[in-house]
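One structure is given below, encoded as structure tokens.
The values are calculated or read from the model by the stated rules, or taken from the named source; none is laboratory data. It should be emphasised that the depicted structure is a prediction, and the values quoted were computed from it without experimental measurement. Neighbour counts run over all protein chains shown; Cβ positions are idealised from the backbone, glycine included. Each accessible area value is taken on the protein alone, full model and side chains, heavy atoms only, with ligands, DNA and RNA left out. Shrake-Rupley method; radii C 1.70, N 1.55, O 1.52, S 1.80 Å.
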Amino acid sequence: MASFPESVHENDIGKAKFIGELLVPVAPFDQKSGREAWTVAFAPNGSYLAWSQGHRIVRLIPWTQCLKNFSLGHSGEVTDASSLEHLSRRGSDGGQVVPVGGEPREHTIDCGDTVWGMAFGSSVPEKQSRCVNIEWHRFKFGQDQLLLATGLNNGRIKIWDVYTGKLLLNLMDHTDVVRDLTFAPDGSLMLVSASRDKTLRVWDLKDDGNMVKVLRGHQNWVYCTAFSPNSSILCSVGAGKAVFLWNMDQYALIRKLEGHHHDVVSCDFSPDGALLATASYDTRVILWDHDKGTNLLELGHLFPPPSPIFAGGSNDRWVRSVSFCPDGRHIASITDDRLVRFWSIEERAPQAIASLSNGLCCAFSAEGNVLAAGTRDGSMHFWESPLSVSSLQHMCRMALRRVMTTQQVETLAIPTPLRDYLTYKVI
């Protein structure tokens, strides 16, 4: 069994440029367990990198501080450090805006239990709470408020003020591990949690953390969730072969996507919302047209691919995490064969690879120029993304697909080749 198809020679695949790592101190033998970096996240405004480094601790580091230590060349200039020096913050108690002197500071948060899931959230004042009958709220989140939600081993969700490290909310309703968290991208501060108690729960932080809805349908643990860019669709995956799609306006199940042969453990939408990537222990990443429920592309990590009946036995090729690059053309995957793969949606073989032992999670920076990956020893590793200048065609396609579904594109009076391109049928 091989990691690449016979038509592809590993030596012909480019090597991703390793640019740095953030290591944790060597632990005594009796503390080596519980150090896993189960989750990593970048703040939407690019100001912070956060990851769970084990033993209840979340570490937050200003991203510009990391960039100064990394040899990115020209791509390191995409983050403007001077813009971060003028960050301001409105207190969660509704107080006045407090300027933050200098760049954001590095600090750690003790969450009180093992951290499995984590997500950044920021508020848009125009997005009101869905609980319209309540006129008074304990917390009034300002436009420059940056929150961090952490999902814990004891089933609790804690909401923190990133700039001060202050605990704002303690959400308690799950009865088992909170495995993943995701905020709606529209700034409404709607938070969705996925748990081993087989449920998804929707929380309204603008309503002081009120639980809005419980989404049921998974028959086993729920591992990962992801919002579409317009916040209208939620994807959830777990210990089962199906991919669940939910309508977040009606809190109803839209459909299940069938195609994986083992547990599905990670999911992510493309920046234009047209594509959905899911990763599974069956050694594959699948790209879906979620509007129509069709399988557009399979990215294999084991060749020849295992048959469905034996897919669960290829545990040295299990895919642990998948992440879409903000450019909409590239994907990264983490697998148990000690490789990080960078894919182009236009090719079936990796564009670049890198070595990584015991990888668990990955995420692209807000600009898309760096991939961060966490490992079982609580450390973080970074690579420069193999990006290229996007064509005008692709940028126009992304702009169109942000506002049009596949069904809407198919009704346009345009040539078939152009329609196929816009609906990603040619990838």
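Just a yes or no: is a residue in region 349-359 at pLDDT 95 or above and within 18 Å of the chain's Cα centre (by Cα)? Yes, some residue in region 349-359 is at pLDDT 95 or above and within 18 Å of the chain's Cα centre (by Cα). Residues being of a type in the set (D, E), out of contact with any Leu (no Cβ under 9 Å at 6 or more places or on another chain) and closer than 26 Å to N230 by Cα are entirely absent from region 322-331. Residue count for region 350-364 satisfying the condition of being in contact with a Ser or Thr (Cβ under 8 Å, 6 or more places away or on another chain) and part of a loop (DSSP other than H, G, I, E, B): 4.
Contact annotation: residue pairs with Cβ atoms under 6 Å, 6 or more positions apart or on different chains, pairing a residue in region 167-190 that is outside any strand (DSSP E or B) with a partner that is open to solvent by less than 20 Å² (accessible area, probe 1.4 Å) and among the hydroxyl-bearing types (S, T, Y), are H174/S195; D176/S195; A184/S231; P185/S231; D186/S231; G187/S123; L189/S123. Restricted to region 186-210, and to residues there that are modelled with pLDDT of 95 or more and open to solvent by 40 Å² or more (accessible area, probe 1.4 Å), the residue that is farthest from W38 (Cα to Cα) is K198. Pairs linking a residue in region 208-227 that is more than 24 Å from G273 (Cα to Cα) to a residue that is of a type in the set (G, A, S), with Cβ atoms under 8 Å and 6 or more positions apart or on different chains, are Q219/G240; N220/G238; N220/A239; N220/G240; W221/S195; W221/G238; W221/A239. Counting the residues of region 391-427 that are within 16 Å of L287 (Cα to Cα) and without any contact (Cβ under 8 Å) to a residue 24 or more places away in the chain gives 2. With respect to A43, determine if the residue is modelled with pLDDT under 85 and touching a helix residue (DSSP H, G or I) at 6+ places or on another chain (Cβ under 8 Å). So A43 fails the test. With T405, T416 as the choices, which residue is more than 29 Å from R59 (Cβ to Cβ) and touching an Asp or Glu at 6+ places or on another chain (Cβ under 6 Å)? When all the criteria are applied, what remains is T405.
This table checks each residue for (1) within 23 Å of the chain's Cα centre (by Cα); (2) surrounded by fewer than 17 Cβ atoms within 10 Å (Cβ to Cβ); (3) in a loop (DSSP other than H, G, I, E, B).
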{"site": "H381", "(1), (2), (3)": "yes, no, no"}
{"site": "P386", "(1), (2), (3)": "yes, no, yes"}
{"site": "S390", "(1), (2), (3)": "yes, yes, yes"}
{"site": "M395", "(1), (2), (3)": "yes, yes, no"}
{"site": "A399", "(1), (2), (3)": "yes, yes, no"}
{"site": "V403", "(1), (2), (3)": "yes, yes, yes"}
{"site": "V409", "(1), (2), (3)": "no, no, no"}
{"site": "I414", "(1), (2), (3)": "no, yes, yes"}
{"site": "L418", "(1), (2), (3)": "no, yes, no"}
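Determine whether R341 is under 19 Å from the mean Cα position of the chain (by Cα), more than 24 Å from E384 (Cβ to Cβ), surrounded by 23 or more Cβ atoms within 10 Å (Cβ to Cβ) and among the basic types (K, R). No, not satisfied. Inspection of region 231-242 finds a residue satisfying the criterion of being aliphatic (A, V, I, L, M), surrounded by fewer than 22 Cβ atoms within 10 Å (Cβ to Cβ) and assigned to a loop (DSSP other than H, G, I, E, B). When region 118-168 is filtered for residues that are closer than 17 Å to A43 by Cα, modelled with pLDDT under 70 and among the hydrophobic types (A, V, I, L, M, F, W, C), only F141 remains.
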